[in-house]
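Below: the structure, in structure tokens.
The values are calculated or read from the model by the stated rules, or taken from the named source; none is laboratory data. Owing to the predicted nature of the structure, the values given are computational and were not obtained by experimental measurement. No Cβ is skipped: glycine too gets one built from the backbone with ideal geometry, and neighbour counts run over all protein chains shown. In case anyone asks, the SASA skips ligands and DNA or RNA and just uses the protein heavy atoms, side chains included. Shrake-Rupley method; radii C 1.70, N 1.55, O 1.52, S 1.80 Å.
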Amino acid sequence: MPEPKMIKAKGDGIQIQLAVWEGEGKPILCLHGITANCRSWDGLASVLAPHHRVMAMDLRGRGFSDKPASGYSIENHIRDILALLNDLHIERAVLMGHSLGAFIALAFVAHYRKERIG
């Protein structure tokens, strides 16, 4: 299983840890559940990566992303996603989430569906 490249990207006033599996096709941004981190996507990303650029972020407060003293609402998470996509110059992405990550993905789509979702 290929190891992802680990990078930092800008969130909404914080740094976000991001695992990146390079590939062709639409970018996929993976959002983990509340007790997980970006590496929970290793198995699935290794299958998808030849056909897609797969990215998995550590949500704020998890893994190696910044852990601010406050700011853990759904709105904070969706602003982190928007800032991350802007920082990486990604116009549109497919969002994939598990548990809390799925809820955050749905909230993002409800707010930005026409502008940013592929």
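Annotations for the structure displayed:
- Secondary structure note: in the chain, about 50% of the DSSP beta bridges are antiparallel.
- Summing charges over all other residues whose Cβ lies under 12 Å from the Cβ of Phe64, with Lys and Arg as +1 and Asp and Glu as -1, gives +3.
- Whole-angstrom gap from region 12-31 to region 42-118, using each part's C-alpha centre: 7 Å
- Across the chain, the relative contact order, built from alpha-carbon pairs under 8 Å that are at least six residues apart, equals 30 percent.
- Qualifying GluC sites (Glu not before Pro) in region 1-110, DSSP loop, other Cβ atoms within 10 Å at most 13: Glu22, Glu24, Glu91
- Choice from Asp80, Asp58, Asp42 showing the highest fluctuation, given a GNM over the chain with Cα pairs closer than 10 Å: Asp42
- Whole-percent carbon and sulfur share, accessible surface of the chain, 1.4 Å: 57 percent
- Using a Förster distance of 22 Å, the FRET efficiency for Phe64-Val109 (Cβ separation, nearest 0.05): 0.25
- Neighbourhood net charge (13 Å Cβ-Cβ; Lys/Arg +1, Asp/Glu -1) for His51: 0
- Stretchable slack from Tyr72 to Ile90, in nm (0.36 nm times residue separation minus alpha-carbon distance): 4.1 nm
- Ellipticity estimate at 222 nm from DSSP helix runs (n ≥ 4, -39,500 (n - 2.57)) divided over the chain, nearest 500: -10000 deg cm²/dmol
- Rounded if a/c under 1.5, otherwise prolate or oblate - region 40-115, Cα gyration tensor axes: oblate
- Summed residue charge, Cβ within 10 Å of Lys26's Cβ, Lys/Arg positive, Asp/Glu negative: +1
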